[in-house]
Amino acid sequence: MKDRTQSEPRTWSALLPAAIGLLLLLLSAVLFAVVPGALADKDAYAAAPACPARTAGTGSHSCTTTVPATVAGKDDEPHGKSVQYWLLARERGAHTVLRIRMTGDRPVYDAVRAGDGVTLTYWRGEIRAVGFGAANQKTYASPDDDWRLPTAIGLMALPLGLGFFSTGCWYRRSGSRPRRIAPWGIALWQVSGMLLSCVGFIAGITADGVGQAFLITAAGIPPSVGLAGLYVWWIRRRVRRAADTSDIVPVLPTEKRRVRATVHGEVPYSVDGFNQLVVGDGRPLTTPDPTGRFAGRPLPETLKVRNARSLEPGDPAVWYEAYKYDAIVIEAQDGDQPVLVVTTRRDAPLVLGALSSPQTDPVGRPWAP
């Protein structure tokens, strides 16, 4: 009979990145579908002629209307780390003050003062630009840049979605439960996708057009893959170094010291939150106290060291977060109970020395079970 307690978590863990990838790909498709409409509005606005005097009005959809107005004031409104610039203006002969959000503070917003005469350009019932002398500045309602945000987010979501989806498919096809350290091909794809998503977002925001944004993103593929390759090579180097424990030798502590270490196993001295080990003062003590002065539980003499290794997929997940690639796991046995002691590579010699017998494991000699 199939063990559902093991297969179902594994299935859902593998499906989660695929589901996230599909959502991101769907998001990018929806956003890219919005772009043609935004470009059509931009082109229509750019091609719109001035309305004839007999049909001029703020409600016209096929032409633009320019209306004289007087500046009533300005309002710099803080919004997080940015500032929103609002121009207050009153059309000539009207009493209503219009509140117009500008795109930045130049060239018109910064130049005008209360009482200055400006012109307001209407298109499809909204103020799209404000003119002052020879200067002209777009308002926030201008359709010129409406394509930028959906293009930028779409170009950001696309490589991320592909990375997540390919990861989920790989785990699903291989039948392996996702682990913290992914296969190197998948890791390369994920890191490349993250870097390329940054390139795509910046390209969408800064490019002169949609085509240029896609070209910049495509040009970013080789450097993104190259940087991702360097990163993966560096991680692999760290992993190989972490897996090599041949240079770790036991060192007998000559004074009382506190080191970072956690004991794991079905034994009374394995307690949640006890992440310190006091060595060099009799039997090692595990304790939650950074000073090592109270709540100590001694590791008994029946605890025998068997092996020292790096982290493996079956180890507690919290160790990956706490120690990353710097962890050394000391495998020991207390009677018939297996016990694991995890510590840093730097402190592993002291822990081994404190747990090992000096008669059988002299200081400076490579430790062997």
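Read-outs: derived from the displayed coordinates by stated rules, not from any lab. This is a predicted model, so every value here is computed, not measured. Virtual Cβ from ideal backbone geometry, glycine too; neighbours counted across all protein chains shown.
Can you tell me the 0 to 90 degree angle between the C-alpha axis of helix 221-243 and the longest principal axis of the chain, rounded to 10? The angle comes out at about 20 degrees.
Principal-axis analysis of the Cα atoms of the chain puts helix 148-174 at an angle of about 30° to the longest axis. Distance between the 7 Å Cα→Cβ label points at Asp336 and Lys81: 6.0 nm. In the stretch 257-355, one over the average inverse separation of all distinct C-alpha pairs is 13.3 Å, which is the Kirkwood hydrodynamic radius. May I ask for the angle, rounded to the nearest 10°, between helix 4-47 and the longest principal axis of the chain, with both axes built from Cα atoms and the value confined to 0 to 90°? That helix lies at roughly 20 degrees to the long axis.
Peptides 143-155, 206-218, ordered by how many other C-beta atoms sit within 10 Å of their residues on average, highest first, read 143-155, 206-218.
Partner aspartates and glutamates whose Cα lies under 18 Å from the Cα of Lys324, excluding those fewer than 8 positions away in the same chain, are identified as Asp244, Glu312, Asp315, Asp347. The Leu23 and Asp105 beta-carbon pair, evaluated with R₀ = 51 Å, returns a calculated FRET efficiency of approximately 0.85. For the chain, the cysteines with no partner cysteine C-beta closer than 4.7 Å are Cys169, Cys198. Where both bridge residues fall in the stretch 257-355, DSSP classifies roughly 100% of the beta bridges as antiparallel. Straight-line cross-link partners of Lys42 among the lysines, defined as a Cα under 18 Å from its Cα and at least 8 positions apart when in the same chain: Lys138.
For the stretch 55-145, the convex hull spanned by the alpha carbon atoms encloses 103 Å³ per residue.
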